1. Give the angle, between 0 and 90 degrees and rounded to the nearest 10, that separates the Cα long axis of helix 2-31 from the longest principal axis of the Cα atoms of the chain.
2. How high is the relative contact order of the chain, given as a whole-number percent (alpha carbon pairs under 8 Å, six or more residues apart)?
3. Give me the number: length gained by fully extending Ser244 to Lys185, i.e. 0.36 nm times residue separation minus the C-alpha to C-alpha distance, one decimal in nm.
4. Per the helix-only calculation at 222 nm, which mean residue ellipticity applies to the chain, given -39500 (n - 2.57) for every DSSP H run of n ≥ 4 and division by its residues, nearest 500 deg cm²/dmol?
5. How would Asp96, Asp284 line up by accessible area, probe 1.4 Å, largest first?
6. For Met41, what accessible area in Å² do you get when you roll a 1.4 Å probe over the heavy atoms of the protein chains, rounding to the nearest 10?
7. Send over a whole-number figure in Å² for the accessible area per residue of the chain, probe 1.4 Å.
8. Starting from one equal scatterer on each C-alpha and no solvent at all, send me the Debye-based log10 I(q)/I(0) for region 85-163 at q = 0.19 Å⁻¹, two decimals.
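The values are calculated or read from the model by the stated rules, or taken from the named source; none is laboratory data. Everything numeric here is computed off the predicted structure, so don't read it as measured data. Reconstructed Cβ throughout: ideal geometry from the backbone, glycine too, with neighbour counts over all protein chains shown. Ligands, DNA and RNA are stripped out before the accessible areas are found, and what is left, the full protein with its side chains, is counted by its heavy atoms. Shrake-Rupley method; radii C 1.70, N 1.55, O 1.52, S 1.80 Å.
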Amino acid sequence: MIKSKLLLYSLLIFSFLSTGNIACAQDEKQLTGRWDLTVDMDGKQAPSWLEVKLSGMKTLVGYYVAHNGSARPIAKVNYDNGEVSFAIPPQWDNADQDMIFNGQLKGGKLSGTITQSTGEKHSFTGVKAPLLVREKAPKWGKTIELFNGKNLDGWHVDGAKNQWEVIDGILTSNSAGSNLISDQKFEDFKLSAEFRYPKGSNSGIYLRGRYEVQIEDNPGTPPSSIYFGGVYGFLTPNEMVAKSAGEWQTYEITLIGRRVTIIANGKAIITDQIIPGITGGAIDSNEGEAGPIMIQGDHGAVEFRKFEITPAK
């Protein structure tokens, strides 16, 4: 009788532990993946992004993109009974403290508080990022000249200072100021641009306003995701093809769902690669929606003499 009771207790305990482990594993599975976050920064809605994945048997790791900067690795994501937390060192903040992320996973959504390296606290909400898989190859529509060579019709800026002007048929930003955003929004498209910049300058083109293709004076340096032709912080070109400052250069960019191909100065440098998530400086984190084209104007001087787009039908 005693042996039978002990066996029964053992089976009950094993069943309880097994059920708990399965529930925990299922809960972790809900957390793993990519998240589009929206952060309330003193009344202003700022985009952010998080990826959580399993490393080995039980350790959760990830990547995080703040409202600015590039994707940063997370050495360990702590997760227990719906509570999510991690810490990462500062990137562009002039501070010595780690950024602290504290969140709760409930009903398939994330919410919580981010304590910046500077000590400021901001609340956030998050939803799982869409896969953006396209079942069929796109059919292309008519090409649109986003820059008409005459004026800024079809564009607007995101700040008080509008340093953009058209000089002798060239779209020009001679100093740091506002970003330039197209009035029209797009889903899948082919984009063609011709641009140049002075020595040491830095700009970028944001696809759907969310994924920056870097423009920077980097000739002769090894390729990097944060240099010329890279999808900022995520995708590294297979070679550095930047010309010298002051020369006209070209991008031919195709974006279908998350898949991007970039031909720079006539060479394919990124071919049909998946963009994991938004890059720093994005207009929002609503990845499932159409978005504008944004030209970065808050860093350095840049000029464009051609900017056209062929949207998918």
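1. Helix 2-31 and the main axis of the chain meet at about 10 degrees.
2. Values: 764 pairs, mean separation 60.6, N = 313.
So the answer I get is 19 percent.
3. 18.0 nm
4. -3500 deg cm²/dmol
5. Asp96, Asp284
6. Here the residue's solvent-accessible area equals roughly 50 Å².
7. 51
8. -0.89
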